[in-house]
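Student: Below: one structure in C-alpha cells.
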Amino acid sequence: MIALFENIGRYFMLLGKVFSRPEKMGIYYRKIWFEVEALGFNSISLTAIISAFIGAVVALQMAITLESPFIPQFMIGYATREVMVLEFSSTVVALILAGKIGSNIASEIGTMRITEQIDALEIMGVNSASYLILPKIVATVIFFPLLTLFSIFVGIVGGYAIAYLTGIMLPGDYIEGLFYYFEPFSIVYALVKGSVFAFIITSISAYCGYYAKGNSLEVGRASTRAVVSSSVTIMIFDLILTQIMRV
Amino acid sequence: MIRADHISKTFDGRTVLDDISVEFDTGKTNLIIGRSGSGKTVLLKSLVGLHDVDKGNIFFDDVCYTKLNFAERKNIRKDIGMIFQGGALLDSSTVRENVRLPLDLFTEMTEGEKRDRVNFCLERVRLNGADHLYPSELSGGMVKRVAIARAIVLNPRYLFCDEPNSGLDPQTSVVIDNLIHDITKEFNITTIINTHDMNSVMEIGEKIVYIHEGHKWWEGSKDNILEADNRELNEFVFASAMAKRAKSVSR
Ligand SMILES: Nc1ncnc2c1ncn2[C@@H]1O[C@H](COP(=O)(O)OP(=O)(O)O)[C@@H](O)[C@H]1O
Ligand SMILES: [Mg+2]
C-alpha cells in the first residue's frame, strides 16, 4: 500500500518533469510526427480488424437476442451503434492498445534507461523525461480520438456487412437503426475518453520504463507492469468518466 | 581541474563511496582504477551529478557544482562530454544524428555549420564513412568511437569515460586509449577515465587514483605505480602477467 502511494507520488513528479518547458520546439514537432507514425498509424490495422469483428459479433448477438415480434428490427443497428460509441471503441480499444503501445513504450524507455541512454541525454543537459515522453503523450492524445472515430465507423460497417452477408436482418433496417435517436454528445464523450485513456496508457507506461533498473529481465517486468497498471487505471477512469459525463 | 572534497555516497544504507577527496588535473588523462564493483562508476556518475552525493562537495574549476540547482548545472553540463560503458548511443538514430543531437539542442548553428562540425568530429575518430548506419550495425570499437565523437562535438572542457575499452580487443583498446589521450592534449581537456585495464594504466596513466571498496587507497602516476607499497594495489596491478614482467624488467 505504501509502495502504491510512493509510486503515485513519483509518477506525478515525473509528469512535472515531462511538462516543464521543452528545450527547442522544432525538435519536438519532428519527434511528435515520428511518434504519431510509430504509435498511431501502426495501430490502425489492429484497431480495424478488432473493431470490424466486434461490430459484426455485436450485430449478430443483437439479432439473435432481440428476435421477437415486439421489438422492431432496426433496434439491432441502434444497439450496435450505441455499444460501439459508448463503450467499445473507446474503452476496449484502449485496453487492447494498452497491451500493444504500453508494452512498446515501457520496453523502449526501459531499455534506454538500463543502457544508460537516458544518462547520456541528462549529461548533455537534456531534460530526458520531457524529451522522451512528451512527444509520445502529445501524439497519442491527439491521435487516439481519431482512432476511436475510426473504430466506431469500422465497427458499424462490420455490423452492416454481417447483416448483408447472413441475411439475418434487413440491411435497410440496420441503417435505419443507426440514425435512430442519435445523441451527438455521445461522440464527444467517446472522444474525451479516447484522449484520457491515451494519456493514461502513455504516461503510466513511460513511467514504468523510466524507472526500470537492472537488466533485461527488469525491462520485461516493467513492460508487464505497464500493461497491467494502465489497464486497471483505464477501467477506473472509465467508471469515473461515465459517471461525470452521463449523457 | 575537477576536485572532489570528502564525498560519500550510500545506496539504501550501504556505503559505496566513503570520504573520497581527490583532484583531477586539466590537460591530463586522469585514471580511476579498481576492481569490478569497487565504486568507479558510482564515483564518475557522482562527479558529473548523475548521482547526488550524500556528503562533500565537487568543484569544476572554481565552481562548486554540488551547490548549484538544476538550471545552473545545465551551464556546466554543456562543457561536459561523457562516454558510457556501453556507448549509450540512441538506438533509433543514425551515427550522424547521434553526433548531431547536442548541436541541434544547444547551438544556433546553420545546417551547413552543423554538417561541417559533425564531419570534423567523425573524421577525428576516423568514422566518416559510417554516418548513415544505426548503432546496431556497428562493431564494439565503432560504437565507442561514435560515443567519443558525440562527447566532443560541443568542445567540452571536461571529458568522462567509463571503461572506454571494456569489451574491446587489445588492439582496438590501444586505438581508443590513444584517441582519448590525443584529444585531451589537443583541446586541453580535463579527462577522467575509469578502467581496470593495466594496459591503459601503463599507456596513458598520467594521474592515477586507486579505489578499493569505496575508499581511495592510493594516488600517483604510471611512473610510480609499479613501486607502490600498497598490498591491495599490488594485487590489482600484478594480477596480469604483463605487469609482473614489466616489474622484473624494471628491476
Ligand atoms: N543505482 C544503484 N543502486 C544501488 N547500488 C548501486 C547502484 N549503482 C551501483 N551500486 C553498487 O555500488 C557498488 C559499486 O558499483 P560500481 O560503481 O558500478 O562498480 P565499478 O567499480 O565496477 O564501476 C556495487 O556494489 C553496486 O552494487
Ligand atoms: Mg563500472
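The values are calculated or read from the model by the stated rules, or taken from the named source; none is laboratory data. From a predicted model like this one, the values you see are computed outputs, not experimental measurements. Using ideal geometry, Cβ is built from the backbone for each residue, glycine included, and neighbour counts are taken over all protein chains shown. In case anyone asks, the SASA skips ligands and DNA or RNA and just uses the protein heavy atoms, side chains included. Shrake-Rupley method; radii C 1.70, N 1.55, O 1.52, S 1.80 Å.
Student: Residue by residue through the stretch B:148-155, what is 3J(HN,Hα) from phi via Karplus (6.51 cos²θ - 1.76 cosθ + 1.60, θ = phi - 60°)? Round to whole Hz and write x for glycine and proline.
Tutor: 5, 4, 5, 5, 9, 5, 9, 6
Student: So what is the orientation-averaged projected area of the stretch B:170-241, using the convex hull of its C-alpha atoms, in nm²? Intermediate results must be reported in sequence, preceding the final value.
Tutor: Working: hull surface 20.8 nm².
One quarter of the hull surface, i.e. the mean projection, equals 5.2 nm².
Student: Against the longest alpha carbon principal axis of chain A, how many degrees, from 0 to 90 and to the nearest 10, is the axis of helix A:216-244 turned?
Tutor: 50 degrees
Student: Also: All other residues with a Cβ under 12 Å from the Cβ of B:Glu213 taken together, and with Lys, Arg as +1 and Asp, Glu as -1, what is their net charge? Mind showing how you got there, number by number?
Tutor: Values: positive: B:Arg14, B:Arg35, B:Lys40, B:Lys216; negative: B:Asp18, B:Glu232.
Once all neighbours under 12 Å are counted, the net charge is +2.
Student: Hey, how much of the P(r) for the stretch B:1-158 falls beyond 27 Å, as a percent of Cα pairs?
Tutor: Across the stretch B:1-158, Cα pairs with separations above 27 Å total 33 percent.
Student: Pairs of Cα atoms under 8 Å, at least six residues apart: use those to get the relative contact order of chain A, whole percent. Show your work: numbers first, answer last.
Tutor: Values: 329 pairs, mean separation 82.2, N = 247.
Reported relative contact order: 33 percent.
Student: Same structure, new question: Would you work out if the stretch B:9-94 is rounded, prolate or oblate? Take a ≥ b ≥ c from the square roots of the eigenvalues of the alpha-carbon gyration tensor; rounded if a/c is under 1.5, else prolate when a/b is larger than b/c, oblate otherwise. Show your work: numbers first, answer last.
Tutor: Values: a/c = 1.35, a/b = 1.10, b/c = 1.23.
Because its axes are fairly even, with a/c under 1.5, the stretch B:9-94 counts as rounded.
Student: A further question follows. Divide the volume of the convex hull of the Cα atoms of the stretch B:41-83 by its number of residues and quote the answer in cubic angstrom per residue.
Tutor: Values: hull volume 3.3 nm³, N = 43.
Convex hull of Cα atoms, per residue: 76 Å³.
Student: Here's another thing I want to ask about it. What residues does the stretch A:113-146 have that are buried by at least 30 Å² of accessible area in the full protein assembly compared to the chain on its own, 1.4 angstrom probe?
Tutor: For the stretch A:113-146, once contacts with the other chains are taken into account, A:Glu116, A:Gln117, A:Asp119, A:Ala120, A:Glu122, A:Ile123, A:Met124, A:Gly125, A:Tyr131 lose 30 Å² or more.
Student: In debye to the nearest 20, how big a dipole does the protein assembly as shown give about its Cα centre with +1 on each Lys and Arg Cβ and -1 on each Asp and Glu Cβ?
Tutor: Numbers: 48 positive and 54 negative charges, 53 e Å.
In total the dipole reaches around 260 debye.
Student: Quick one, what does Rg over Rh come out to for the stretch B:44-118 if you take C-alpha atoms and the Kirkwood Rh?
Tutor: On the way: Rg = 15.1 Å, Rh = 14.5 Å.
In the stretch B:44-118, Rg relative to Rh is 1.04.
Student: Follow-up. Give me the base-10 log of I(q)/I(0) for the stretch B:120-191 at each q in 0.14, 0.22 Å⁻¹, Debye formula, one uniform scatterer per Cα, rounded to two decimals.
Tutor: After summing over all Cα pairs, the log10 values are -0.40, -1.01.
Student: Over the stretch B:55-172, calculate the relative contact order: mean separation of alpha carbon pairs under 8 Å at least 6 apart, over the residue count, as a percent.
Tutor: Details: 137 pairs, mean separation 46.5, N = 118.
It comes to 39 percent, rounded to a whole number.
Student: In addition: For chain A, modelled as a GNM with alpha-carbon contacts under 10 angstrom, which of A:Ser51, A:Ser195, A:Ser20 fluctuates the most?
Tutor: In this elastic network of chain A, the residue with the biggest mean-square fluctuation among A:Ser51, A:Ser195, A:Ser20 is A:Ser20.
Student: If we count every other residue with Cβ under 12 angstrom of B:Asp61's Cβ, Lys/Arg +1 and Asp/Glu -1, where does the sum land?
Tutor: Working: positive: B:Arg3, B:Arg157; negative: B:Glu23, B:Asp25, B:Asp62, B:Asp79.
In short, -2.
Student: Helix B:241-250: angle to the longest alpha-carbon principal axis of chain B, degrees 0 to 90, nearest 10?
Tutor: Relative to chain B, helix B:241-250 is tipped by roughly 60 degrees.
Student: Same structure, new question: Out of all Cα-Cα pairs in the stretch A:111-247, roughly what percent, to the nearest whole number, are more than 23 Å apart?
Tutor: Values: 4963 of 9316 pairs.
Considering the stretch A:111-247, 53 percent of its Cα-Cα pairs are separated by more than 23 Å.
Student: Here's another thing I want to ask about it. Would you mind checking the tilt of helix A:103-114 against the longest principal axis of the Cα atoms of chain A, expressed as 0 to 90 degrees and rounded to 10?
Tutor: Around 0 degrees separate the two axes.
Student: Treating only the Cβ atoms of Lys and Arg (+1) and Asp and Glu (-1) as charged, compute the dipole magnitude of chain A about its Cα centre; round to the nearest 20 debye.
Tutor: Numbers: 15 positive and 16 negative charges, 135 e Å.
That gives chain A a dipole magnitude of about 660 debye.
Student: Give the Kirkwood hydrodynamic radius (Å, one decimal) of the protein assembly as shown, defined as one over the mean of 1/r across all pairs of different Cα atoms. Could the numbers behind the result be given before it?
Tutor: On the way: mean 1/r = 0.0385 Å⁻¹.
Mean inverse Cα-Cα distance, inverted, gives 26.0 Å.
Student: For A:Met62, what is the net charge nearby, where nearby means another residue's Cβ is under 13 Å from its Cβ and Lys, Arg count +1, Asp, Glu -1?
Tutor: Details: positive: A:Arg81; negative: A:Glu67, A:Glu82, A:Asp173.
Summing Lys and Arg as +1 and Asp and Glu as -1 gives -2.
Student: Enter the mean number of other protein chain beta carbons within 10 Å of the beta carbon of each residue in B:83-93, as an integer.
Tutor: Values: counts 2, 6, 2, 5, 4, 9, 3, 6, 5, 5, 0.
The mean count of partner-chain Cβ atoms within 10 Å per residue comes to 4.
Student: Pick from A:Arg113, A:Arg21, A:Arg81: which is most flexible by mean-square fluctuation in a GNM of chain A where alpha carbon atoms under 10 Å apart are linked?
Tutor: A:Arg21
Student: Is the shape of the stretch A:40-79 best called rounded, prolate or oblate, per the rule: a/c under 1.5 gives rounded, else a/b larger than b/c gives prolate, else oblate, with a ≥ b ≥ c the square roots of the Cα gyration tensor eigenvalues? If you can, show how the numbers build up before the last one.
Tutor: Working: a/c = 6.94, a/b = 3.50, b/c = 1.98.
In terms of gyration-tensor shape, prolate.
Student: Taking amide hydrogens as modeled 1.01 Å from N in the peptide plane, which residues meet the under 5 Å criterion relative to B:Asp19, leaving out close sequence neighbours?
Tutor: Correct list: B:Ser8, B:Lys9.
Student: Could I ask something else about it? If every alpha-carbon in chain A counts as one equal scatterer, what log10 I(q)/I(0) does Debye give at q = 0.08, 0.12, 0.17 1/Å?
Tutor: Log-scaled intensity ratios, in q order: -0.37, -0.73, -1.17.
Student: With a 10 Å cut-off between alpha carbons and a GNM built on chain B, which of B:Val174, B:Val146, B:Val201 moves the most?
Tutor: B:Val174
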